[in-house]
Amino acid sequence: MTIPLDEFPQPSSSDSLIFKQLQLIYLVAYGFAAGILLLLFPTPSPSPPSHRFPHFSLSLIAGNNLQGSYRYALLASYNIPRSTIESLYLCAHLSTLCLGTITSSLSDKFGRRLACILSSVFYTIHCLSLNFNILSVLVLGSIFRGMAHSLYNTNFESWLLQEHHDNDLDTDSLKHLLRNAFVCATSSAVAAGIVAQVSAELLGYRAPFEVAIGIYLVMIVFVLWKWRENYGDREAKATESFVLAIKVIRTDLRVLLVGLSTCLFEATVYIYAMEWTPALQEAKEWIISERLPLGFMFSGFMTFNMMGAFLFKVLAKRFDVHSYLPVVMVIAAAALGVLVVVPDAQILVFAGLCMYELCVGIYMPSISLLRNRYLPDSVRSTLMNYFRIPRFLLMFAVIVWHLPLSVIFTSCVVMLVLAGICLVVLQNMRPREEDQRESERVVLLPASPQMTAIEMTETGE
């Protein structure tokens, strides 16, 4: 159902001021964090398919996972065997899956701002560890990297959504902020890549990581200065959020469907981030260039990603997120299907990847709106970490089994179709009219034995 925008009450000047202040302090911290991660993991180098090592760094809203070159190049310069480097990556992923899930989930009790600061501290420790050609130090750094990734990937968004709720801002302002955050993070990719390239060429492979440490320190100071702390359920025991989150998933099918669609789609994002370079390299017909201009191709992907963010703003104004997001899943599946049907046509493979990036640009802020609607504030970070477990299990399968590209992208198509089906089912389970309060534009989820009524911001249908 679509409601004309002019039917919504106009925000007061006080609300507008609060929104502008929230947007400013959030985007500055976002820009620092997103720029740093893209500084550390820039445009991938043309490595052969046998050297497919994933670099999991999500730009905060975009969730773009880039297969970088500098970490691998730095470790290789230490004469570390390829099998050992692969083990270091697996160590980081296992840390994210296990320790990261625990530490990030505790932020609901101990504070989201603290978790964001700790993510920067842990990333700094990881950057420092790369200065030492000592395997035990590199393993420890990988463990901290995994925990930092988990904190970073869940708590920035959780902090923002909680602040949005606490300030009683309307959904239109949230859509605007999410779009701006996504554009900010995507734009920083280009600038960060240039800084990383120049610093690495002038000062060596360690230089991008040294620059990042300084920027992390600036971000920590800014967050301490400008952000206020917010929490989930502070009264709950440390382990209670884990149990409550499981109960929420078991008792509310809508939460489960949001989680399934999230992990299915984002698993394809991770796989795409690993495999787009070899997919283009193995396409030998209709070639774009004998030596692929990967830097320009990456810029092209980022451009389509940003176009998706702007298209999200247009779609969100006219349609409910339930209506258009399943269509986005189908388009994304068709885009990656090109890599299965015509894997040898390089220009068509590139076009399919660009279209997929466009869909990613629409998806990331859209799924944030769904999580804002259906995930309880008290256990939001814990739920988001639970949803990432199957995503990482899918990634382990790709890393360990070294599947052929045709099988990998066919699996991605299947996952995208399944994600679309989950969203269609979710659309048919939307709250009844009597569960909605038009004046406040919130959704009251039916109470469960574990929860009282949970107020969620309506997404403006």
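The values are calculated or read from the model by the stated rules, or taken from the named source; none is laboratory data. This structure is a prediction, so every number in the text was calculated from the model and none was measured. Note: ideal-geometry Cβ built from the backbone for every residue, glycine included; neighbour counts use all protein chains shown.
Structure notes:
- Qualifying positions in segment 203-233 - in a loop (DSSP other than H, G, I, E, B) and in contact with a helix residue (DSSP H, G or I) (Cβ under 8 Å, 6 or more places away or on another chain): 205, 206, 227, 228, 229, 230, 231, 232, 233
- Within segment 381-399, tally of residues that are charged (D, E, K, R) and out of contact with any helix residue (DSSP H, G or I) (no Cβ under 6 Å at 6 or more places or on another chain): 1
- Considering (1) surrounded by fewer than 20 Cβ atoms within 10 Å (Cβ to Cβ); (2) closer than 29 Å to residue 253 by Cβ; (3) in contact (Cβ under 8 Å) with a residue 40 or more places away in the chain, the lone condition that residue 268 does not fulfil carries the number (1).
- In segment 86-129, the residues that are in contact (Cβ under 8 Å) with a residue 24 or more places away in the chain, small (Gly, Ala, Ser) and more than 25 Å from residue 207 (Cβ to Cβ): 95, 100, 104, 105, 107, 111, 115
- Residue tally, condition over 13 Å from residue 383 (Cβ atoms) and either at pLDDT 90 or above or touching a strand residue (DSSP E or B) at 6+ places or on another chain (Cβ under 6 Å) (or both), over segment 225-252: 0
- Only listed residue being buried (at least 17 other Cβ atoms within 10 Å of the Cβ), part of a helix (DSSP H, G or I), touching a Ser or Thr at 6+ places or on another chain (Cβ under 9 Å) and modelled with pLDDT under 85, chosen from 157, 163: 157
- Residues of segment 401-413 satisfying the condition of being touching a helix residue (DSSP H, G or I) at 6+ places or on another chain (Cβ under 8 Å), among the β-branched types (Val, Ile, Thr) and at pLDDT 90 or above: 410, 413
- Only one of 298, 312, 304 that is at pLDDT 85 or above and closer than 25 Å to residue 285 by Cβ: 304
- Checking each residue in segment 251-288 for being under 21 Å from residue 362 (Cα atoms), of a type in the set (Val, Ile, Thr) and either within 13 Å of the chain's Cα centre (by Cα) or in a loop (DSSP other than H, G, I, E, B) (or both) picks out 262, 268, 269.
- Identity of the residue in segment 111-142, assigned to a helix (DSSP H, G or I) and of a type in the set (Val, Ile, Thr), that ends up farthest from residue 77 (Cα to Cα): 117
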